[in-house]
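First the structure, in the form of structure tokens, and then the observations on it.
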Amino acid sequence: MVNNLPGFLLAAFLLNIAPGPDQAYILSRTLAQGRFVGLVSSWGVCSGAMIHVVAAALGFSLILQSSPAAYALLKYAGAVWLLWLGLKSFRRETFQISADPAAQGRPPLGRIYAQGIMVDLLNPKVALFFLAFLPQFIPAESPQRTALFIVLGGAVVAMSLICEAALIVVSQRIMGKSLQNSRAAAYLNYLMGLVFVALAVNLALTA
């Protein structure tokens, strides 16, 4: 049983449609490299979030919360990773989206998926968010608190997949024609790099 299930669903939905670092990362991937890369990035980010859910359920987030050194280490590792992705985007050859999917090159999807996982996994604020958000909907007397924590976390992640897929499809349809222009594609590569760098700075400077 869940405390205030309608309230949980509404809160989870509002949290998932609010602009944030994950949406910025996925949107930049989509605009620079196409819809399918955006979807794979979303799957990676959500996989990282699900790892955080399980870790929080098992108590890892309590360690991060109580150990400033562990929190700082994970935070700065995440910032360095995002900065590296940003600098790499600046050096990348222009990725031009073709009207013919078979004619366009595509980056290794396994690497894109792994990068999405790491982007979310190296952000300790995600772990602490789940630790702060989910327990208020779990009855204190429930004998299955850990299982319920994971189920509710999985529901948040599943909702993220749906909202991010909608964002990807809409943004790619709106921008699709302009992405067939090599100059526009080059600008979007730089934009993606700037998004990564901004996310790195934000993660490094926030408490």
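The values are calculated or read from the model by the stated rules, or taken from the named source; none is laboratory data. Keep in mind the model is a prediction, meaning the values are calculated, not measured. FYI the Cβ positions are ideal-geometry reconstructions off the backbone, even for glycines, and counts take in every protein chain you see. Ligands, DNA and RNA are excluded from the accessible area calculation, which covers all protein heavy atoms including side chains. Shrake-Rupley method; radii C 1.70, N 1.55, O 1.52, S 1.80 Å.
Inspect all residues belonging to the range 70-86 and state whether any of them is crowded, with 24+ Cβ neighbours inside 10 Å, more than 30 Å from Phe137 (Cβ to Cβ) and touching a residue at least 40 places away in the same chain (Cβ under 8 Å). Checked the range 70-86: at least one residue is crowded, with 24+ Cβ neighbours inside 10 Å, more than 30 Å from Phe137 (Cβ to Cβ) and touching a residue at least 40 places away in the same chain (Cβ under 8 Å). Summed over the range 1-33, residues that are over 27 Å from Val201 (Cβ atoms) and open to solvent by less than 10 Å² (accessible area, probe 1.4 Å) total 2. Scan the range 130-177 for residues that are closer than 13 Å to Val54 by Cα, in contact (Cβ under 8 Å) with a residue 24 or more places away in the chain and open to solvent by 60 Å² or more (accessible area, probe 1.4 Å) and the total you get is 1. Filtering the range 46-64 for residues that are in a helix (DSSP H, G or I), without any contact (Cβ under 8 Å) to a residue 60 or more places away in the chain, out of contact with any strand residue (DSSP E or B) (no Cβ under 6 Å at 6 or more places or on another chain) and farther than 29 Å from Ala166 by Cβ leaves a non-empty set. Residues that are modelled with pLDDT of 85 or more and β-branched (Val, Ile, Thr) do occur in the range 169-192.
Every residue, every condition in (1) in contact with a Leu (Cβ under 6 Å, 6 or more places away or on another chain); (2) assigned to a helix (DSSP H, G or I); (3) among the small types (Gly, Ala, Ser), yes or no:
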{"position": "Tyr113", "(1), (2), (3)": "no, yes, no"}
{"position": "Met118", "(1), (2), (3)": "no, yes, no"}
{"position": "Phe129", "(1), (2), (3)": "no, yes, no"}
{"position": "Phe133", "(1), (2), (3)": "no, yes, no"}
{"position": "Gln136", "(1), (2), (3)": "no, yes, no"}
{"position": "Ala140", "(1), (2), (3)": "no, no, yes"}
{"position": "Ala147", "(1), (2), (3)": "no, yes, yes"}
{"position": "Ile150", "(1), (2), (3)": "no, yes, no"}
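For the range 92-115, the criterion of being modelled with pLDDT of 85 or more, under 20 Å from Leu203 (Cα atoms), of a type in the set (A, V, I, L, M, F, W, C) and in contact with a Ser or Thr (Cβ under 8 Å, 6 or more places away or on another chain) is met by no residue.
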